[in-house]
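Structure first, then comments.
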Amino acid sequence: MATRENVRPFTIEEQKRVLTVGACLTCHKQNSEIIKTSLIDYQSQLKNLSPKCILPIW
């Protein structure tokens with residue numbers, strides 16, 4: 001049940017993407033260059049992770 005029409009739950013893949021981005025936001029500020037770049041091309045940004053970056057394992 002939802003409070004709005006035409007809504008659905010996130011798929012498993014969508015949930016994974018949301019949680020992965022959330023992991024980035026625990027260390028990087030919302031307005032940082034890394035986060036801004038990831039909004040444009042997130043897949044490329046994932047290829048350039050620092051060794052300090054810890055992402056969920058799926």
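The values are calculated or read from the model by the stated rules, or taken from the named source; none is laboratory data. All values reported here derive from a predicted model rather than from experimental measurement. Note: ideal-geometry Cβ built from the backbone for every residue, glycine included; neighbour counts use all protein chains shown.
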> Taking region 11-36 as the region of interest, how many residues are in a loop (DSSP other than H, G, I, E, B) and within 20 Å of I57 (Cα to Cα)?
Replying inline: 4
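For region 26-35, what are the residues that are closer than 16 Å to L49 by Cα and either at pLDDT 90 or above or surrounded by 12 or more Cβ atoms within 10 Å (Cβ to Cβ) (or both)? Give the steps one after another, and end with the answer.
Step one: list which residues in region 26-35 are closer than 16 Å to L49 by Cα, which gives 26-29, 32-35.
Passing the criteria: C27, H28, K29, S32, E33, I34, I35.
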> Restricting attention to region 1-35, which residues are aliphatic (A, V, I, L, M) and under 11 Å from the mean Cα position of the chain (by Cα)?
Replying inline: V18, L19, V21, A23, L25, I35
> Counting only residues that are exposed (fewer than 10 other Cβ atoms within 10 Å of the Cβ) and among the charged types (D, E, K, R), how many does region 2-25 have?
Replying inline: 4
